[in-house]
Amino acid sequence: MKRILTIQDISCVGKCSLTVALPIISAMGVEAAVIPTAVLSTHTMFSGFTFHDLTGEITPITEHWKKEKIDFDAIYTGYLGSFEQLALVDNIFDDFKTNDNLIIIDPVMGDAGKLYKGFSQEFAFSMAKLCGKADVILPNLTEAAYMLGEDYIGASYTESDIKVLLQRLCALGAKTAVITGVSLEEGRVGVMALDGKSGEYFYYDREHLPAAYHGTGDIYASTFTGAVSRGYTVNESLKIATDYTVECIKLTLEDKNGRDYGVNFEQAIPFLVKRIGE
Ligand code: PXL
C-alpha cells in the first residue's frame, strides 16, 4: 500500500484540512500519516476559534521517523500557519524527498481575492519559495496572484492570462502548476495545469454549481494526492478530484437540512471509490 504524509492543521469542526484529508485518502486505499500543525476549535472563518500551536512537535516527530527510516510515497501540505512552519516543512522536504516520491503543495492562504485571517503578502512570497520545491502545486487564482505579487485578476480573464500565470508559477520551480477554480466559459468551472517540462497545458471543467463552500480546496487536493499515489497520471488525477468535488457539492445542494459549512463529502465517498476503480 502507498503511504503519504500530510502536513496541516486539525480544525475540530468545519470539514477542512485533516478532517477531510484523512478520510478521503484512506477511502482511496492509501495510508495517510500526519503531522498536525495546530489544533483549532473550528477553521478561521468562524469567529472566536481557539488555536493551539503544535510547531514544537514537528521536529521531534520527524527526528523519530528518521531513526525509524520511515519514508513516504508523497508529501502533501495544506494550511500552514507561520513562517516557522514554512521553514520546518522546507527541512522536511529536504529530509524525506527521494527520487521516486512526490511533493504536492496546496498553498492554502485565501480565496475570492482575499487572504484568510493571519496571512500577509510576505507570507505568500515565502509560500511561493517553498512551492519551488514541489512536484505539483495547487493554488486557486487568489493564492496564485499573491504568490506572484500580482493583482487578483477577478472573473474577467482569458485562457492566455491563465497560461501566463501558470508559466510564472512553474518559474518558481514547481514541476507542474495547477490553478483551481478557473472558468473559461460561462456556467463552467475547472482547473488548468502546465507541465513545466513538456510545456503541455491541460484543462478540465464541469458545470458550475450555484454554491461556494468552505473546504472544497482541501477535498480537491486530498483527492488529487490519493489519485496520484494510486498511480493515476497528474491529469487523470485532476479529473478525478474535479469529478469528486462536483459530486460532493451536488449532494450538499440536495440536502435541504445541511449545515451551513463544508460539503457532504462523506456520502460521496462511494462515488469516489467507484471512480478510482474504473
Ligand atoms: O480550508 C482551508 C483551511 C484550513 N485550515 C484552517 C483554515 C482554512 C481556511 O480558512 O482556517 C485553519
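Readers should treat all values here as calculations from the given coordinates under stated rules, not as data from a laboratory. These figures come from a predicted structure and were not determined experimentally. Virtual Cβ from ideal backbone geometry, glycine too; neighbours counted across all protein chains shown.
Here is how the numbers come out for the structure above:
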item: Cross-link partners of Lys274 among aspartates and glutamates (Cα-Cα below 18 Å; sequence separation of 8 or more within a chain); result: Glu236, Asp243, Glu247, Glu266
item: Virtual spin-label span in nm between Asn257 and Arg188, 7 Å along Cα→Cβ; result: 3.8 nm
item: Computed label-point distance, nm, for sites Asp151 and Ile61 using a 7 Å Cα→Cβ extension; result: 4.1 nm
item: 222 nm mean residue ellipticity, helices alone, for the chain (DSSP H n ≥ 4; -39,500 (n - 2.57); rounded to 500); result: -13000 deg cm²/dmol
item: Helical segments meeting 27 Å axial Cα length and Kyte-Doolittle -0.5 threshold in the chain (DSSP H); result: 234-254
item: Residues with amide H under 5 Å from that of Asn140, placed H, sequence gap 5 or more; result: Thr180
item: Label-point gap, in nm, between Ala212 and Ser120 - each point 7 angstrom along Cα→Cβ; result: 2.6 nm
item: Full-extension gain in nm, Ala171 to Asn99, via 0.36 nm per residue minus C-alpha separation; result: 23.8 nm
item: Shape box of segment 3-271 [Cα atoms, principal axes, largest first, Å]; result: 53, 46, 36
item: Amide proton proximity set for Ile35, modelled H, under 5 Å, gap of 5+; result: Thr6, Ile7, Gln8
item: Antiparallel content of DSSP bridges confined to the chain, in %, to 5; result: 45 percent
item: Cross-link pairs beyond the 21 Å C-alpha cut-off, checked among Lys15/Lys133; Lys97/Lys197; Lys15/Lys250; Lys66/Lys97; Lys2/Lys163; Lys114/Lys175; result: Lys15/Lys133; Lys2/Lys163; Lys114/Lys175
item: Relative contact order (percent, whole number), the chain, Cα cutoff 8 Å, 6+ residue spacing; result: 17 percent
item: Extension gain from His52 to Ala33, taking 0.36 nm per residue of separation minus the Cα-Cα distance; result: 4.8 nm
item: Length gained when the stretch Lys129-Glu84 is fully extended (0.36 nm per residue, less Cα-Cα span); result: 14.8 nm
item: Sparsely packed trypsin sites (Lys or Arg not before Pro) within segment 62-148, loop by DSSP, other Cβ within 10 Å at most 12; result: Lys69, Lys117
item: Enclosed volume per residue, in Å³, of the convex hull spanned by Cα atoms of segment 1-58; result: 60 Å³
